[in-house]
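K.L.:
After the structure tokens below, expect a handful of questions from me.
No value in this document is a laboratory result; all are computed from the given coordinates. Predicted model, so just to flag it, every value in this text is computed and none were measured. Cβ atoms come from the backbone with ideal geometry, glycine included; neighbour counts cover every protein chain shown.
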Amino acid sequence: MNIRKIFAGLLLTLAVSSCIQDEALNVEAAIDDCTGENIQLASIDATHKEIEIYVLDGTDVSQQELNFTLADGATIQADETEAGDQPPYYDFSQRTLRRFTVTSEDGNTTATYVVRINKMELPTHYSFENLRATTPYHIFYLTNESGIMQWASGNPGYELSGMALDETQYPTVQDPIGHSGKCVRLTTRSTGSFGLPLGMPIACGNLFVGSFDVQNAVTAPRQATHFGFPFTKIPQRITGWYKYQKGETFTDENNEVLSGQTDIGDIYAVLYEAETSDYTLDGDLFPLTGGINPNIVLMARIGEQGQQEMKETDEWTYFDLSFEAQNGKTVDPEGLANGKYKLAIAFASSRGGGYFRGAVGSELYIDEVEIICE
Amino acid sequence: MKKYILTLAVALAFGTGIAQAQWSEHKGLLWSSLHGLEYEFKAGVNFGGTSPLPLPHEIRSIDSYRPGLAITIEGNATKWIDEAKKWGVSVGLRLDSKSMTTQATVKNYGMEIFSETGGKIQGLWTGGVETKVRMSLLTIPILANYKIGERWKLVFGPYLSYMMSGDFDGNVYEGHLRTPDATGSRVNFTGDNVATYDFSEDLRRFQWGLQVGGSWRAYKHLTVHADLTWGLNDIFQKDFETITFAMYPIYLNLGFGYVF
């Protein structure tokens, strides 16, 4: 009798506790992606809530398409509307910098983003003197008289590992002592217990022209890396200064030691065909097996046949790499003038870093880089 | 685990020691009986879960539940107060183990993942969460006893537990993290992608709750029992805010006992 009562009581308890409540409305308020006609590059800084959008010079920005990917259920509103606004088409002809506020589905969370449309030509000289942001990690920028643009890096991905206790412990940081002024220091680092089960035990320091999509950093890290920006000149050489020290133990994507293999850094620039504005090369441009990406027209890469080798050195060493034709392609002058080519520039502390192969501790310093054109 | 086995062995030896001492000293038992004292040795298994109550909005569904093997051993003494020996008070010492593994689908669930450097990634998780809870506790139940007839006995009262060791860990899968807060970056996890978390260090040492149960005397010395223990304080420490809701251990203990 009593046992039965107790069981009845227990069942009642379980019944009460297993009641799933009504689903609450979503609290997330964020812009996760921004696409649209004519957009060559969109870099979203989620920490500082800034979105820099790049279009070609001559693009009409009075009807700029902006398709925002928002958190589930969230809504977006321009803080000050323009007469020409017809979402998703927004008028940036009066002001190139506008503010947009995202409100969560439950209405309790809001986030205001600065969205700026830039018409900019890619700079060709890089000194790594200035930082756009210093927390939580260093963000470098490129600049010339036409504007400024962030250098992308894998730092936002490394942040997920929780390994860095301050900005100097990220793979990509500014170093005070360069060949001239400051420089960039790239370090291959361990991602600890976060990265290992994901098949990403290391993160190589990298710096590149393009954008890094942290949303897909875990699921598809190479595809999350977008290389390149429109370029309207024919590059001939890439020159600059480097120092390199390799880490001790070379490991693969499973953190297995590959004895006999040693690490080496990477410096490269490629000009490639981009038929549409949203096309970019990704981290798979040099696959482990098979040929390089077929869209590549010109390539200058350290350590390739006929090019200078990278050596281990603690002295600043000059590099001068020439752009060589690839895939039997030539540059079409008309396409070049119309923005159908993009230039990717990248530096990495481990050449196999995109495939999570390298040695923790490998360090590449880079300074005073220049793209020399015809 | 080692610690647990050791404690168990000591308790067993102690229990057997008492038992043997008791066997050989009928006088002692007789004396105890005359003074309304009764001793019992119980063994059982805990079934149940560690759960927020009621389930908060963040939990959208419970997808799987597996109880762990959770054996308990208890020795207790009952002092019968009245002449008829209907009412009594008992104090016991129980080696408790409470464990379970669940998989749940959550929405905007507070999450913190620490790295070996002490750095962390935090945010709101929407997707699958696997939680493993294993706690080894030393519990003192202080219970009112009420006899209904010769065979049935009801107990009710508080218990105090000291957690000797405890794990609260698991992983998140198939979903996305919004980091560091509701306006931060979205990071997708699919397929084999998992991130592990461990809140073991944040578990509270002292736990208390209420116990209600009953036992049935099958033979002169043998009893079978069912006891529900219901935790009334959060298993996490006060300053732990990652999981925004309190969680309570609710377990049913089934087993048998030997009355001396």
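K.L.:
Which of A:SER322, A:SER211, A:SER93 moves most in a GNM of chain A, Cα contacts under 10 Å?
P.N.:
Maximum among the listed residues: A:SER93.
K.L.:
Hey, another quick one. Between A:TRP241, A:SER180, B:HIS57, whose Cα lies farthest towards the positive end of the dipole of the protein assembly as shown when Lys and Arg beta carbons carry +1 and Asp and Glu beta carbons carry -1, centred on the Cα centre?
P.N.:
Farthest along the dipole direction, towards plus: B:HIS57.
K.L.:
Also, I was wondering about something else. What's the long-distance tail for the range B:36-100, i.e. % of Cα pairs beyond 20 Å?
P.N.:
Percentage above 20 Å: 53.
K.L.:
Using the Karplus curve 6.51 cos²θ - 1.76 cosθ + 1.60 with θ = phi - 60°, what ³J(HN,Hα) values do you get for each residue of the range A:285-292, in whole Hz, with x for Gly and Pro?
P.N.:
5, 10, x, 4, 10, x, x, 6
K.L.:
With bins 10 Å wide starting at 0, give me the P(r) of the range A:260-320 over every alpha carbon pair, in whole percents.
P.N.:
For the range A:260-320, the binned pair fractions read 17, 44, 28, 11, 1 percent.
K.L.:
A further question on this structure: Equivalent ellipsoid semi-axes for the range B:132-206, as square roots of 5 times the alpha carbon gyration tensor eigenvalues: give them largest first, rounded to whole Å.
P.N.:
Working from the Cα gyration tensor, I get semi-axes of 44, 15, 12 Å.
K.L.:
I've got another one for you. Report, as an integer, the average count of C-beta atoms from other chains found within 10 Å of each Cβ along B:105-117.
P.N.:
If you average over the peptide's residues, the count of other-chain Cβ atoms is 4.
K.L.:
As I understand it, the value is the acute angle between the Cα axis of helix B:2-24 and the longest principal axis of the Cα atoms of chain B; what does it come to in degrees, rounded to 10?
P.N.:
The answer is roughly 10 degrees.
K.L.:
Send over the per residue convex hull volume for the range A:151-215, Cα only, as a whole number of Å³.
P.N.:
It is 83 Å³ per residue.
K.L.:
So what does the Cα-only Debye profile of the range A:26-119 read at q = 0.10 Å⁻¹, as log10 I(q)/I(0), no solvent term?
P.N.:
-0.23
K.L.:
Would you tell me the mean number of C-beta atoms belonging to other protein chains that fall within 10 Å of each C-beta in B:172-180, as a whole number?
P.N.:
The per-residue average across the peptide is 3.
K.L.:
Comparing A:PHE128, A:PHE286, A:PHE323, which has the greatest mean-square fluctuation in the GNM of chain A with Cα pairs linked when under 10 Å apart?
P.N.:
Checking each option, the largest mean-square fluctuation is seen for A:PHE286.
K.L.:
For the ranges A:151-158, B:217-224, what's the packing order if you count other beta-carbon atoms within 10 Å of each residue, average per peptide, and put the highest first?
P.N.:
Top to bottom by mean Cβ count within 10 Å: A:151-158, B:217-224.
K.L.:
Let me ask you something else. Using only alpha carbon positions, build the gyration tensor of the range A:265-374, then give the equivalent ellipsoid semi-axes as the square roots of 5 times its eigenvalues, largest first, whole angstrom.
P.N.:
Ellipsoid semi-axes (Å, largest first): 26, 17, 13.
K.L.:
Got a sec? How would A:THR251, A:THR317 order by Cβ neighbour count within 10 Å, fewest to most?
P.N.:
A:THR317, A:THR251
K.L.:
Now for a different question. Projected onto the charge dipole of the range A:26-119 (+1 at Lys/Arg Cβ, -1 at Asp/Glu Cβ, origin at the Cα centre), which of A:ALA30, A:THR96, A:ALA42 gives the Cα projection farthest towards the positive end?
P.N.:
A:THR96
K.L.:
OK, next. Which log10 I(q)/I(0) values, to two decimals, does the protein assembly as shown give at q = 0.07, 0.12 Å⁻¹ under the Debye formula with one point per Cα?
P.N.:
Result of the Debye calculation: -0.59, -1.16.
K.L.:
Given the rule -39500 (n - 2.57) for each run of at least 4 DSSP H residues, summed and divided by the residues of chain B, what is its mean residue ellipticity at 222 nm, to the nearest 500 deg cm²/dmol?
P.N.:
So the helix-based figure for chain B works out to -4000 deg cm²/dmol.
K.L.:
Still on this structure, I have one more. Which of the GluC sites (Glu not before Pro) across the range A:209-276 are loop residues per DSSP, with 12 or fewer other Cβ within 10 Å?
P.N.:
In loop regions of the range A:209-276 (DSSP not H, G, I, E or B), the sparsely surrounded GluC sites (Glu not before Pro) are A:GLU248, A:GLU256, A:GLU275.
K.L.:
Moving to a separate point now. Give the angle, between 0 and 90 degrees and rounded to the nearest 10, that separates the Cα long axis of helix A:2-17 from the longest principal axis of the Cα atoms of chain A.
P.N.:
40
K.L.:
Right, something else. Find the Rg to Rh ratio for chain A, where Rh is the Kirkwood radius over alpha-carbon pairs and Rg uses the same atoms.
P.N.:
Ratio of gyration radius to Kirkwood radius for chain A: 1.07.
K.L.:
Work out the length of the dipole vector of the protein assembly as shown about its Cα centre, built from +1 on the beta-carbon of each Lys and Arg and -1 on the beta-carbon of each Asp and Glu, and round it to the nearest 20 debye.
P.N.:
For the protein assembly as shown, the charge dipole is close to 4240 debye.
K.L.:
What ranking do A:GLU52, A:GLU23 get, fewest neighbouring Cβ atoms within 10 angstrom at the top?
P.N.:
Placing the least packed residue first, the sequence is A:GLU23, A:GLU52.
K.L.:
In Å³ and rounded to a whole number, note down the convex hull volume per residue for the Cα atoms of the range B:2-259.
P.N.:
Per-residue hull volume (Cα only) is 135 Å³.
K.L.:
Can you tell me the relative contact order of chain A? Whole percent, Cα pairs under 8 Å, sequence separation 6 or more.
P.N.:
For chain A, the relative contact order is 17 percent.
K.L.:
What is the pair-distance distribution P(r) of the range A:223-267, computed from all Cα-Cα distances in 10 Å bins starting at 0, with each bin given as a whole percent?
P.N.:
17, 30, 33, 18, 3
K.L.:
May I pose another question? Can you give me the Rg/Rh ratio for the range A:90-163, using Cα atoms for both radii and the Kirkwood formula for Rh?
P.N.:
My calculation puts Rg/Rh at 1.06.
K.L.:
Got a sec? How would B:SER32, A:SER161 order by Cβ neighbour count within 10 Å, fewest to most?
P.N.:
Ranked by crowding around the Cβ, least crowded first: B:SER32, A:SER161.
K.L.:
Got a sec to turn the phi values of the range A:100-107 into Karplus ³J(HN,Hα) couplings, 6.51 cos²θ - 1.76 cosθ + 1.60 with θ = phi - 60°, whole Hz, x for Gly and Pro?
P.N.:
With coefficients 6.51, -1.76 and 1.60, one gets 10, 10, 9, 10, 5, 4, 7, x Hz.
K.L.:
Taking the alpha-carbon centroid of each part, what is the distance from the range B:198-221 to the range A:178-202 in angstrom?
P.N.:
49
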